[in-house]
Each structure stands twice: as structure tokens, then as C-alpha cells.
């Protein structure tokens, strides 16, 4: 004789769709081992479900960042330091106009090789900045001088040509000048030369005995330098 029938085992085919909801699940019933690989996708995550403390170290790599995802608003103050800049990363196109100030230039940072040809104009040179030391010998020629720029009062001529045709009185020019003169003659001694011009100044009273050595044409403002050596006799 058969006894009472017991409950039949529950198999997957016997579970009605939707009969097991979250209230029917015991606390801790769903563990990591019970979640199928790929079962939890982005649509299963609630907004804000992934917090910073849930991210593993180095979980977000460069390959995981979308282009343009990190903007200047996402950078903390002072986040970008010199050590984080690649060599040559900042070029002239990355610098804003007027970004480099005078106090940011290193001493001797601007060398002669860094100055463009004709970059320094007259308006950029401070008053009295160019002295004789800065002017190269022979660099200022006649073509660099404006007409009338140099006046005669600014000229000092030294070592120029002697205006006398026979300044040592040794040539035939002077011999012709004194020929027939009772007062003037050529002496056999001189200062730095073998001869000199001699005048006989013997007179009972004050007198003038002159000799015209040459004629020099001059213009207004011309300056002449006259120098001579003389020796007086005892009488």
C-alpha cells in the first residue's frame, strides 16, 4: 500500500518567471562567485555607484581616458610642475603674448646671438648708453655722418700734414726766401733737423723784422695749430 506523497524537488524548469525577487533573497545570498562574468554591465550600475574608494590603484590609465576628458578645470592648482613638462613641450606658440616678463629672464639669458638683426632701434637705446668704448674703431665713416653733423668746434686735428712747405728750413724753398735779406739767414744747427731759420734782431730800439713763410687759405670756423721751437742768443 502506498503512503502519503511528499513535495517534489524544485528544478529550474519548475520556477516561474519573476517568482524570485529581491525580497525572496536572503541577506548575503548573492556573492561574487554567484555573479556570472560580464553579468554586471554599465546599464546595471546606478548613477554615482562607482566611488573613488572602489577604484583599484592605477585602475584608470591613459588608455581609459577619453580624448579631452581632462580639462584645465579638472587640474588642481599647481598640479602641473616643471618635472611634469616634457622637454621642449612649451614652445613659442604655447606662450601667450606678453607672458614672459623681465623678472622671468635669467641673467645673461639674452645673448648677442639671440638678438635679431636690426632688432634694436634708436628708440630702444638709453641715453648715454653708447660710449666711445662701444664704438668699433673705423666703424663710423663719412657715409654714416649726416651733412653738417660735425662742426669745426668739435674737431681736434693732430698729426696732420704740416702747412709749411719746408718746415725744417733745409730745402731750397727757404733758401730762396732768405736770399738777399740782410736780417734772415739759414743757420747750420737746428732742433731735430740739421738747419734752422735765423733772424738778426740787433737794433738800437724796438723793431719788427718779419718773414712771410707761406700763405694759408682758411674758411670761417677753421682752426689752425701753430707751434715752433726757438733759441735766443746772449745779445
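Tabulated data
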{"item": "Counted residues, segment 53-78 - those being surrounded by 10 or more Cβ atoms within 10 Å (Cβ to Cβ) and within 39 Å of the chain's Cα centre (by Cα)", "result": "2"}
{"item": "Of all residues making up segment 172-218, the number that are farther than 19 Å from residue 233 by Cα and outside any loop (DSSP other than H, G, I, E, B)", "result": "7"}
{"item": "Selection status of residue 50, in a loop (DSSP other than H, G, I, E, B), surrounded by 10 or more Cβ atoms within 10 Å (Cβ to Cβ) and within 60 Å of the chain's Cα centre (by Cα)", "result": "yes"}
{"item": "Count of residues meeting criterion [exposed (fewer than 10 other Cβ atoms within 10 Å of the Cβ) and in a helix (DSSP H, G or I)] in segment 110-154", "result": "14"}
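Rundown of residues vs (1) out of contact with any strand residue (DSSP E or B) (no Cβ under 6 Å at 6 or more places or on another chain); (2) closer than 13 Å to residue 213 by Cα; (3) surrounded by fewer than 16 Cβ atoms within 10 Å (Cβ to Cβ); (4) at pLDDT below 90, yes/no style:
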{"site": "159", "(1), (2), (3), (4)": "yes, no, yes, yes"}
{"site": "164", "(1), (2), (3), (4)": "yes, yes, yes, yes"}
{"site": "174", "(1), (2), (3), (4)": "yes, yes, no, no"}
{"site": "178", "(1), (2), (3), (4)": "no, yes, no, no"}
{"site": "184", "(1), (2), (3), (4)": "no, yes, no, no"}
{"site": "187", "(1), (2), (3), (4)": "no, no, yes, no"}
{"site": "197", "(1), (2), (3), (4)": "yes, yes, no, no"}
{"site": "200", "(1), (2), (3), (4)": "yes, no, yes, no"}
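The values are calculated or read from the model by the stated rules, or taken from the named source; none is laboratory data. Remember, predicted model here, so these are calculated numbers, not experimental data. All Cβ positions, even for glycine, are placed from backbone atoms using ideal geometry, and neighbour counts span all protein chains on display.
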